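Below: one structure, written as structure tokens.
The values are calculated or read from the model by the stated rules, or taken from the named source; none is laboratory data. What you see is a predicted model, and the numbers here were worked out from it, not measured in a lab. Every residue, glycine as well, gets a Cβ built from its backbone with ideal geometry; the counts of neighbours run over all protein chains shown. Heavy atoms of the whole protein, side chains included, go into the accessibility calculation; ligands, DNA and RNA do not. Shrake-Rupley method; radii C 1.70, N 1.55, O 1.52, S 1.80 Å.
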Amino acid sequence: MAEQNNKGKDQDLNKLQMVRREKLADLQAAGKDPFVITKYDVQQHSADVKEMYTAHEAELLAGRQTPSVEDLEEAEKREVLNNDYNERRAIMDASPINVSFAGRMMFKRVMGKASFCNIADLKGRMQAYISRDAIGDDAYADFKKSDIGDIFGIKGFIFRTKTGEISVHAEEITLLSKSLQVLPEKFHGITDTDMRYRQRYVDLIMNPEVKDTFVKRSQIIKEIRKFLDGRDFMEVETPTLVSNAGGAAARPFETHYNALDEDVKLRISLELYLKRLIVGGLERVYEIGRVYRNEGVDTRHNPEFTLMELYQAYTDYEGMMELTESMFRHLAKTVCGTTEITYNGTKIDLGKPFRRLTMNDAIKEYAGVDFDTIKTDEEAKALAKERGIEFEERHTKGDIINLFFEEYCEENLIQPTFIMDHPLAISPLTKKKPSDPEKVERFELFINTWEMCNAYSELNDPIDQRERFAQQDKNAENGDEEAQHTDEDFLNALAVGMPPTGGMGMGIDRLVMLLTNSQTIRDVIAFPTMKPVGASKSANKPVAEPKEEKIDFSKVEVEPLFKDFVDFDTFSKSDFRAVKVKECTVVPKSKKLLQFTLDDGTGTDRTILSGIHAYYEPEELVGKTLIAITNLPPRAMMGIDSCGMLLSAVHEEEGEEKLHLLMVDNHIPAGAKLY
């Protein structure tokens, strides 16, 4: 039945699209083809029109009082207010403000010889009054045939309606573009998350708050540049395609230069080339650019993202802390209008001095463990086992410290906090602390539990740097896919001589999330990475006849059925429910676990962890309907309580284990019980 309904909707949609094409053909036949128009004289936007009229009104109607109608009968009230409106209107119309604006028609109400429509542009929406007497019979007849989504240019004068809405009385209306596609319904908008990201242009049209987010993103980047320009930083550009992708712990994308017959990588950071410029004497440099990391997709990570890195000669990480704190405060004031912002209901104060805490002191505060008293890798690993923290055999004490910090501390860092003095083992490009060579002069700024930026007193000793690169090479040999590799040209630059330098890197997308109260990174990236759909890959190819898929089970092995029976009472106590995947993310520092946020029909989100990352990427599961056992006791996994179990089907095929999550029809509601 549902399939029949969807088929009917598609047929209706196709009919509407055909009607629009027919209207376009009629216009073209009449010599009114909108697509031959090359420009339009836009002099104002909607917000400008409203501001102009409000100021003009205040000037012309200064001192005029609204008549009192408190003791009058309804008919008398209407007459008095109507006379007052007409007098005000006459005063304003005697000194009209003529405007010329353009935008997309989002609403239309035809009323015989006159109509109202709502035009959306960059700065908001403006009502226009379209009358046959003002624009002429032919133009009005064409307007009546127009559709929601059409783009118009309108010239006329501003007035205020009896209901108080500032509007434009059209004297000339021009169809600039005919919309051949039907927009989503007005009151429901575009709510399908996947479609919002794939068709961002429709999202921007239907959801004004989305447009506001991207306008604010542009403002944030502009203010960063203004702040750094005010401190005499120079903006530079460095290579995107590199032979050695260094500067961060991440797996790069790889590609090939045909002309050079050389394999190259897409950069994972901006660091090493910017430091080369410091060596060359450009004392303060920064870059805002795209970087690419071949990693998973979740609410805070996208494989390509925007990074800002800056380097300043003759300062250290203390200087970087002052700069970072001042920059965040500046951005909050200029973009949000206040240093006290709200994210997801939590107030965050960027006006107070940021807290400063060493990584070891943070672990001591939140985990009750003092790593300054632990001397060996073996002691650290034993402690990790005792606390149930997963680690790899190659990990050192420094790696274990970082795992403890992630497990116990990050979730507590809501207000701005500088976490300082990291272990040497996880900071291959940072200067050692003179007072403690096991630690480095590094900080990370945490806000709302997120790492917002990372900064160092930069290592400028070429001999020490070579030794650390050598250790990174060993880590790569031992299976660390995110290890950096020796960069001989960078070492040569350091050998030439780099002054003492402070550096800082910050993810722009996460910063925009914080300052716009956006819940996922995809909400602040105009076109986020999405798994391709069939239509996008073959849109211009002829559609082949669908073929029935033939599945070969001849090489499949399944686990034998259990011979022992379970009594019905025991079985019936297991609560099998349909659950909807609201969010799916990779569990940090785990190669197997995915964390699901599920709608189980109760109104309270349910969290379940499942070790299926080898079989699924998180983004392809969002929106799916799965089956879960919901009455299992919570089980802690990587410090997260997993409340239930998702059902999967497993089998072996040619010696390899295969797994498929049990997915059901999306028409089944969340919480539906299985029998």
Under a straight-distance cross-link criterion of Cα-Cα below 25 Å, which lysines are reachable from Lys50, leaving out those fewer than 8 residues away in the same chain?
Lys39, Lys108, Lys123, Lys155, Lys162, Lys186, Lys211, Lys216
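Using DSSP, restrict attention to beta bridges with both residues in the chain and report what percent are antiparallel, rounded to the nearest 5. Each step should come with its number before you reach the end.
Numbers: 110 of 119 bridges.
About 90 percent, rounded to the nearest 5.
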Karplus-derived 3J(HN,Hα) from phi for segment 636-644 (6.51 cos²θ - 1.76 cosθ + 1.60, θ = phi - 60°), whole Hz, x at Gly and Pro, runs 6, 9, 6, x, 10, 6, 9, 10, x
Label points 7 Å out from Cα along the Cβ direction at Leu13 and Glu477: separation in nm?
5.7
What's the extension gain from Phe553 to Gln181 if we count 0.36 nm per residue and subtract their Cα-Cα distance?
129.5 nm
Roughly how tilted is helix 208-229, in degrees to the nearest 10 and between 0 and 90, from the longest Cα axis of the chain?
60
Fraction in percent of alpha-carbon pairs per bin - 10 Å, segment 223-264
22, 31, 26, 19, 2
Per-residue accessible area for Met638 at 1.4 Å probe radius, Å² rounded to 10?
40
Name the residue farthest towards the positive end of the dipole of the chain from the options Val168, Gly644, Tyr286, assuming +1 on Cβ of Lys and Arg, -1 on Cβ of Asp and Glu, about the Cα centre.
Val168
Report the calculated FRET efficiency for Lys144 and Leu674 (r = Cβ-Cβ distance, R0 = 56 Å), to the nearest 0.05.
0.55
Give the share of C-alpha pairs in each 5 angstrom bin for segment 215-325, from 0 to the last occupied bin, in whole percents, shortest bins first.
2, 11, 18, 20, 19, 16, 9, 4, 1, 0
Counting just the Cα atoms, what span does segment 281-328 cover along each of its three principal axes? Round to the nearest Å and put the largest first.
37, 25, 14
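Treating the beta-carbon of each Lys and Arg as +1 and of each Asp and Glu as -1, no other charges, what is the dipole magnitude of the chain about its Cα centre, to the nearest 20 debye?
Numbers: 89 positive and 118 negative charges, 450 e Å.
Charge dipole of the chain: 2160 debye, to the nearest 20.
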Quickly work out the Met645-to-Asp605 label distance, labels modelled 7 Å from Cα along the C-beta direction, and quote it in nm with one decimal.
2.5
Can you compute the radius of gyration and Dmax for segment 93-232, using only the Cα atoms, both in Å?
18.3, 63
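Largest first, how would Met106, Met645 line up by accessible area (1.4 Å probe)? Spell out each step's value before the answer.
Details: Met106 20, Met645 90 Å².
These residues rank, largest area first, as Met645, Met106.
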For Asp48 the rounded accessible area (nearest 10 Å², probe 1.4 Å, non-protein molecules ignored) is 40
Restrict the search to segment 165-248; then list the trypsin sites (Lys or Arg not before Pro) that DSSP places in a loop and that have at most 13 other Cβ atoms within 10 Å of their Cβ.
Lys186, Arg231
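What is the calculated FRET efficiency for Glu340 to Asn666, with r their C-beta to C-beta distance and R₀ = 45 Å, to the nearest 0.05?
Numbers: r = 41 Å, r/R0 = 0.92.
The pair Glu340/Asn666 has a calculated efficiency of 0.60.
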Extent of segment 266-349 along each principal axis, from alpha carbon coordinates, in Å, largest to smallest?
46, 34, 20
Pick out, from Val236, Ala483, Gln465, the residue whose Cα sits farthest towards the positive end of the charge dipole of the chain, with +1 on the Cβ of Lys and Arg and -1 on the Cβ of Asp and Glu.
Val236
Using r as the Cβ-Cβ distance of Ala94 and Ala47, and R0 as 25 Å, what FRET efficiency do you calculate, to the nearest 0.05?
0.50
Tell me the angle of helix 397-408 to the major Cα principal axis of the chain, expressed in degrees between 0 and 90 and rounded to the nearest ten.
40
Loop sites in segment 65-164: GluC sites (Glu not before Pro), DSSP, at most 15 other Cβ within 10 Å
Glu70, Glu73
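Quickly estimate the mean residue ellipticity at 222 nm for the chain, helices only: each DSSP H run with n ≥ 4 gives -39500 (n - 2.57), and the total goes over all residues, rounded to 500. Don't skip to the answer; put the middle values down first.
Details: 18 runs with 210 residues, N = 675.
One gets -9500 deg cm²/dmol as the mean residue ellipticity at 222 nm.
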Once phi is turned into θ = phi - 60°, what whole-Hz ³J(HN,Hα) does the Karplus curve with 6.51, -1.76 and 1.60 give for every residue of segment 50-57, x standing for Gly and Pro?
5, 5, 4, 5, 4, 5, 5, 5
Compute the long axis of helix 2-29 from its Cα atoms, compare it with the longest principal axis of the Cα atoms of the chain, and write down the angle in degrees, 0 to 90, nearest 10.
50
In debye to the nearest 20, how big a dipole does segment 605-675 give about its Cα centre with +1 on each Lys and Arg Cβ and -1 on each Asp and Glu Cβ?
520
Carbon and sulfur together cover what percent of the accessible area of the chain at a 1.4 Å probe radius?
50
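Calculate the dipole size of segment 268-403 relative to its Cα centre from +1 charges on Lys and Arg beta carbons and -1 charges on Asp and Glu beta carbons; express the result in debye to the nearest 20.
440
Divide the volume of the convex hull of the Cα atoms of the chain by its number of residues and quote the answer in cubic angstrom per residue.
Details: hull volume 188.1 nm³, N = 675.
Here the figure is 279 Å³ per residue.
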As a test question: what accessible area, to the nearest 10 Å², does Tyr201 have when a 1.4 Å probe is rolled over all protein chains in place?
130
Run the numbers for Thr193 and Leu60: contour at 0.36 nm per residue of separation, minus the present Cα-Cα distance, in nm.
43.1 nm
For segment 280-286, take each phi angle, set θ = phi - 60°, evaluate the Karplus expression 6.51 cos²θ - 1.76 cosθ + 1.60, and give the result in whole Hz per residue in order, putting x for glycine and proline.
x, x, 7, 6, 9, 10, 8
The answer for trypsin sites (Lys or Arg not before Pro) in segment 355-431 that fall in a DSSP coil and have at most 15 neighbouring Cβ atoms within 10 Å is Lys375, Arg394
Paramagnetic label zone (point 7 Å from Cα along Cα-to-C-beta, Asp372; backbone N under 19 Å) in segment 315-339:
none
At a threshold of 8 angstrom on Cα-Cα distance, excluding pairs fewer than six apart, so keeping six or more, what relative contact order does the chain reach in percent?
9
7 Å from Cα along Cα→Cβ at both Ala526 and His613: what's the point-to-point distance in nm?
3.2
